[in-house]
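What follows is a set of notes on a single structure, which appears directly below.
The values are calculated or read from the model by the stated rules, or taken from the named source; none is laboratory data. All of these numbers come straight from a predicted model, not from anything done at the bench. We place every Cβ from the backbone using ideal geometry, glycine too, and count neighbours over all the protein chains shown. All accessible areas refer to the heavy atoms of the entire protein, side chains included, with ligands and DNA or RNA removed. Shrake-Rupley method; radii C 1.70, N 1.55, O 1.52, S 1.80 Å.
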Amino acid sequence: LRAGFTTVRNVGASGYSDVALRDAIQEGEVEGPRLFVSGPALGMTGGHCDNNLLAPEFNYKAEGVADGPWPLRAKVREVIKHGADVIKICASGGVLSKGDAAGATQLTLEEITAIVEESHKLGRKVAAHAHGTQSIKDAIRGGVDSVEHCSLIDDEGIRLARDRGTFLVFDIYNDTYILDMGAKNGLLPEMIEKEKQVGKLQRENFRKAWKSGVRMAFGSDGGVYPHGDNWKQFPYMIEYGMKPIEAIRAATTEAAELIGIKGQAGVLASGAYADLIAVDTDPLNNVNAFGGVKFVMKEGKVY
Ligand code: ARG
């Protein structure tokens, strides 16, 4: 909140910690941004959203793990029962997980389609983690509302997203942070290796996708790097093809539309939330201005 982010979509949290935090903020017990949360991310056994660190004797599974269309529909119902505003799925492998390739398909098209149908029926949007070329396309064809990471997206994937109006959310600051700090922070060597495989391609594909006219929302996979540094993604969005005003829109009007609060957040209008930040230089000339947030108001209250 103090870094100037008055609304946050948090996708993937164990133990429903995000639901608890959202409610505590709403009730004024804790200071923070308005949260839209997913609870545990849904994914396959042994996939990116499972936890693969323990020996088999533990028989451990992350809370959002299920296999097959109906078990995954049941998971959608379960996380909504416990407070999810939005559904997060892991369509492909990932970087910061053990034993899976970032580009590998994980959930099948059949599974994704079932999850999306169940989620939309219950009024929830679906955000899909996908680095892999095929998984990105499966996620879009399955009807998700946004694809996160998008690292290895190809021309067909870009076209599909553009035609369907699917939001692409590229966390292109993370590569810098993971390569600088990952080893020091104790990441597994295989994770750093995977980052080297996808990081650069993700940035090049950001440029390509933006040029081709897809919709993009600001999303940075906050939590991979320290909170408060969220603004650091802006300069990369400029370096890889956006104008400052376009990056600002991605973080305001576009993000609000993706979350489903168009007209309430990301705009200054009568009847909207009255969220406002101020910086000390003109961000239209230099987005580094967002590193110097001097004033934050959320719903009319100054923090
Ligand atoms: N949570 C993501 C994953 O583990 C982080 C990916 C970060 N790397 C990147 N180039 N964006 O897959």
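The Cα-based radius of gyration of the chain, divided by its Kirkwood radius, gives an Rg/Rh of 0.95. Only protein heavy atoms count here; under a 1.4 Å probe, Val126 has an accessible surface of about 0 Å². About the centre of its Cα atoms, the stretch 5-56 shows a dipole size close to 200 debye [charges on the beta carbon of Lys, Arg (+1) and Asp, Glu (-1) only; nearest 20 debye]. Evaluate the charge dipole of the stretch 1-139 about its Cα centre and quote only its size in Debye, nearest 20, assuming +1 on the Cβ of each Lys and Arg and -1 on the Cβ of each Asp and Glu. Value, rounded to 20: 320 debye.
Each stretch of four or more DSSP H residues adds -39500 (n - 2.57); spread over every residue of the chain, this sum gives -11000 deg cm²/dmol at 222 nm. Excluding ligands, DNA and RNA, the accessible surface per residue across the stretch 185-258 is 47 Å² with a 1.4 Å probe. The stretch 239-282 and the stretch 1-74 have Cα centres separated by 25 Å. Remark: the chain carries a charge dipole of roughly 580 debye about the Cα centre, counting +1 on each Lys and Arg Cβ and -1 on each Asp and Glu Cβ. Overall, the accessible surface of the stretch 91-153 at a probe of 1.4 angstrom is composed of carbon and sulfur to the extent of 52 percent. Using the Cβ of Leu72 as centre and a radius below 11 Å, the other residues enclosed give a net charge of -3, where K and R count +1 and D and E count -1.
When the Cα atoms of the stretch 227-298 are aligned to their principal axes, the ranges along those axes come out at 34, 25, 24 Å in descending order.
Which values, in whole Å and largest first, are the semi-axes of the equivalent ellipsoid of the stretch 23-77 obtained as the square root of 5 times each eigenvalue of the Cα gyration tensor?
On the way: eigenvalues 169, 50, 14 Å².
Here the semi-axes work out to 29, 16, 8 Å.
Accessible surface calculations at 1.4 Å, restricted to protein heavy atoms, place the stretch 1-159 at 41 Å² per residue.
In this label model, Glu110 and Leu201 are separated by 2.7 nm, measuring between points 7 Å along each Cα→Cβ vector.
Annotation: Phe167 carries an accessible surface of approximately 10 Å², with a 1.4 Å probe and no ligand, DNA or RNA atoms counted.
Taking 1.002 mPa s as the viscosity and 20 °C as the temperature, the Stokes-Einstein diffusion coefficient of the stretch 116-268 based on its alpha-carbon Kirkwood radius rounds to 135 µm²/s. Cysteines in the chain lacking any other cysteine Cβ under 4.7 Å from their own Cβ: Cys150. Peptides 44-54, 247-257 ranked from most to least packed, by the mean per-residue count of other Cβ atoms within 10 Å: 247-257, 44-54.
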